[in-house]
1. Distance from the Cα centre of region B:1-79 to that of region B:126-200, in angstrom?
2. Tally Lys/Arg at +1 and Asp/Glu at -1 over every other residue whose Cβ is under 9 Å from the Cβ of A:ASP9; what's the total?
3. Convex hull volume of the Cα atoms in region A:18-91, per residue, in Å³?
4. Using Cα positions and a limit of under 22 Å, work out the lysines in reach of B:LYS182, with same-chain residues fewer than 8 apart set aside.
5. What percentages make up the Cα-Cα pair-distance distribution of chain B when the bins are 5 Å wide from 0?
6. What is the gain in length, in nm to one decimal, between A:ALA127 and A:ALA235 on full extension, counting 0.36 nm per residue of separation less the C-alpha to C-alpha distance?
7. Say a paramagnetic label sat at a point 7 Å from the Cα of B:GLU158, along Cα to Cβ; which residues of region B:221-244 have their backbone N under 19 Å from it?
8. So the label point sits 7 Å from Cα along the Cα-to-Cβ vector; using that for B:LYS107, what distances do you get to the other copies, in nanometres, sorted shortest first?
Protein chains: 2
Amino acid sequence: MNIEAVVFDAYGTLYDVQSVAEITEEAFPGYGEMITQIWRIKQLEYSWLRSMMQRYRDFSVITGESLAYTLRILGLQYDDAIFERIMEKYLHLDPYPDVMPTLAALKDRKLAILSNGSPGMLNALVANSGLDRMLDATISVDAKKVFKPSPDAYSLIETTLGVKSADVLFVSSNPWDACGAKAFGLNVAWIERVTPEAMALDCVESELVAPLTMFKAIGSQMDELGVEPDHRIRALSELPKIVAIHES
Amino acid sequence: MNIEAVVFDAYGTLYDVQSVAEITEEAFPGYGEMITQIWRIKQLEYSWLRSMMQRYRDFSVITGESLAYTLRILGLQYDDAIFERIMEKYLHLDPYPDVMPTLAALKDRKLAILSNGSPGMLNALVANSGLDRMLDATISVDAKKVFKPSPDAYSLIETTLGVKSADVLFVSSNPWDACGAKAFGLNVAWIERVTPEAMALDCVESELVAPLTMFKAIGSQMDELGVEPDHRIRALSELPKIVAIHES
């Protein structure tokens with residue numbers, strides 16, 4: 001059984017969504033980290049809730065609505081210019097350092113992104129980061145008007161790339177995404193971008209647990225959803241080895 | 001247009017889910033509040049994710065899995081007896097003080113619960129709290145094998161009570177539930193169980209924002225989901241007045 005295509009989640013997997021903390025901190029000193037964590041949690045919640053409510057709007061709308069929510073509950077005042085500057089960061093997220101070398105090492109396979117992002121957001125992001133030259137396809141769930149982890153979203157891999165699920169390795173740092181892909185029938189590698197060790201170091205000693213660390217934890221630690229990814233990795237550089245295992 | 005039935009969400013609306021903090025604090029001193037907040041967030045996340053993944057399991061399973069997740073990421077050791085004692089609390093949650101008087105005041109309408117809870121959990125809960133004598137029906141989404149805010153879940157009101165959506169007032173403290181019910185077509189009253197004022201008082205002065213307060217905020221403040229409930233109330237005792245408004 002060969003891995004013909006390696007398909008990546010974008011936000012949190014190839015691109016560091018935590019890198020928005022810099023600009024949110026600049027705009028709202030002292031609140032950067034808090035905004036980043038709440039924004040991400042609500043962005044995901046809204047994607048699931050709108051999917052279930054059958055009220056799909058694309059991810060740029062949801063990203064804006066979840067940012068508006070976050071600033072509101074924190075009681076922060078802002079004007080359109082600041083709001084747009086923060087939103088704009090989503091088109092210029094930093095790729096993790098292991099992305100380019102790994103894509104280069106896997107270039108004899110089909111390589112693609114499958115993301116909740118809207119086509120507009122994703123096309124800008126891959127162009128701005130130079131990833132467009134390395135990928136065979138950038139697939140947005142927008143074609144199905146439903147977000148991951150709906151099976152309809154994952155079905156776009158086969159219809160777009162022409163590769164069967166059994167021959168795809170899907171890679172995500174998002175535990176719920178790794179579980180959703182596995183439930184759908186893909187081979188799945190979960191990349192642990194935040195390790196329990198890093199989490200422990202993060203803890204403030206004066207408290208039993210630092211609540212902000214917990215915000216990160218609830219987005220980064222493997223979930224209890226009755227399915228398990230096939231592989232757990234800590235760096236994308238482990239992928240060529242995993243692809244080789246599937247061939248042996 | 002008359003309100004023929006008033007239908008309530010259970011957890012957080014009639015019953016105080018925050019009341020589990022007492023037993024979690026007793027079991028894990030210093031962690032009670034943190035466990036309570038993370039458990040609730042993940043319990044909801046798992047209900048949405050399993051719905052989307054088409055891997056429904058009933059709410060007692062999800063409640064157990066989200067508790068196991070919470071204790072794991074907090075690094076807490078436990079045995080089956082402690083785990084069961086905490087879970088058991090979900091069958092003995094405290095009703096808010098305004099529940100009994102309000103149900104009594106509305107007894108000339110059909111009164112029901114529509115909840116994500118499993119039939120077993122709900123039947124025990126309403127019996128233990130004496131609410132079974134006040135309600136015409138306790139409806140579990142389990143009949144549809146999907147959780148709120150799926151339209152299928154809300155459709156159970158009409159099929160069970162025989163009352164059209166236009167003649168139902170649905171009451172929930174959960175912002176996403178109020179939005180889901182409104183999107184489905186019910187009349188909706190959102191009860192603000194945690195007010196922004198209470199939130200502000202909660203804030204620890206030594207920090208800009210207390211992260212634990214934020215955990216509560218992201219579950220209790222109105223969401224940005226493109227729909228708005230018809231009514232915002234701060235106590236269930238406002239309901240008879242709202243029912244009367246619909247008749248005038």
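The values are calculated or read from the model by the stated rules, or taken from the named source; none is laboratory data. From a predicted model like this one, the values you see are computed outputs, not experimental measurements. All Cβ positions, glycine included, derive from the backbone under ideal geometry; neighbour counts span all protein chains shown. Side chains are part of the model used for accessible areas, which takes the heavy atoms of the whole protein and leaves out ligands, DNA and RNA. Shrake-Rupley method; radii C 1.70, N 1.55, O 1.52, S 1.80 Å.
1. Rounded to whole Å, the Cα centres lie 17 Å apart.
2. Net charge around A:ASP9: 0.
3. 82
4. A:LYS42, A:LYS145, B:LYS110, B:LYS144, B:LYS145, B:LYS148, B:LYS164, B:LYS241
5. Cα pair-distance distribution for chain B, in percent: 1, 6, 13, 18, 20, 18, 12, 7, 3, 1, 0, 0.
6. Full-extension gain reported as 36.6 nm.
7. Hits in region B:221-244 for B:GLU158 at 19 Å: B:230.
8. 7.9
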